[in-house]
1. Please specify each residue of the range 180-212 satisfying the condition of being in contact with a Ser or Thr (Cβ under 6 Å, 6 or more places away or on another chain) and modelled with pLDDT of 85 or more.
2. Go through the range 159-173 and give me each residue that's surrounded by 21 or more Cβ atoms within 10 Å (Cβ to Cβ) and not aliphatic (A, V, I, L, M).
Amino acid sequence: MEKTLKTLLRWSVFVIAVAVTTGWLILCASYLTRMGWDGLLSLEPGDLAALLAAAAGPPVALWLILVVVAQQQDLTILRRAVLDMGFAMRRSQEQVESQSRALLEASAASRRQAAQDLLPVVLDDLAGSAAVVAERLGVLTRDDVDLAWARHGAGDRSALLRPFVARAHSEDDFAVRLNEALAGDLQSKLAAEAFVNRVDGLRSEGRDAFPLKLVSDLFEDGPVSQVYALFSGAGSTRQPVVSDNADGIESANAAEADEEDDMNDRLGPQPTLFPAASAGS
């Protein structure tokens with residue numbers, strides 16, 4: 001509506017200017033007609049120039065004023081158009097920045113969702129390795145292993161790891177006996193090495209693997225890290241027994257034998273890797 005009014009106003013001014021100019025030219029022509037050619041030719045050159053300047057001056061001044069006003073209006077329109085273009089570019093830049101932030105947030109959310117989806121798979125794999133060690137080395141009985149798997153399936157992802165942690169806290173030499181037992185059972189050793197390698201692989205990925213702090217703490221301070229320390233042999237170094245006489249050596253051997261018996265009693269029965277030979281063989 002405003003644009004239409006401006007257009008009508010400009011055309012109205014143009015028509016009025018044309019009408020004024022036409023009327024002025026008719027008036028000048030009438031004046032010159034009354035003078036006739038004899039009167040014009042009888043004028044001095046300076047008077048004739050002044051007459052022509054007086055006749056042409058008002059229309060020229062009027063149209064110059066109209067041109068200047070029109071140029072000012074065009075400059076104002078151009079200035080507004082440039083400002084609008086600048087605002088549009090700024091809005092488009094802000095939209096691009098907001099879209100970039102939205103893409104970054106969506107990417108971070110997808111990574112967090114991927115970590116949340118991957119976490120149960122990783123914990124199931126770690127629990128499977130721990131279950132092999134627990135069952136074969138007698139840390140848990142078969143019934144206890146089945147119960148731990150049931151709790152694991154119900155949502156307790158540390159059910160198969162917690163027995164190792166509990167016994168390590170309650171028994172000072174549990175780590176030593178566990179690593180000795182792992183050395184005597186190839187399948188349990190392979191399962192423990194798979195557990196350790198899996199955790200090492202996750203830690204090597206850094207926070208990109210599991211960006212959530214809660215998940216990262218699970219692999220740094222939770223049962224996973226504690227079982228990792230047990231399976232990797234951390235803190236399981238046995239102090240050597242030093243003796244200067246045969247009695248000391250015998251007492252050390254007796255203490256070691258007692259410790260092995262105690263290990264069998266407290267850690268559980270060891271697997272039979274090779275069947276006993278028959279009497280006739």
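1. Residues satisfying the conditions are L182, A191, A194, F195, V196.
2. Selection gives F164 alone.
The values are calculated or read from the model by the stated rules, or taken from the named source; none is laboratory data. Not measured: the values here are computed from a predicted model. Reconstructed Cβ throughout: ideal geometry from the backbone, glycine too, with neighbour counts over all protein chains shown.
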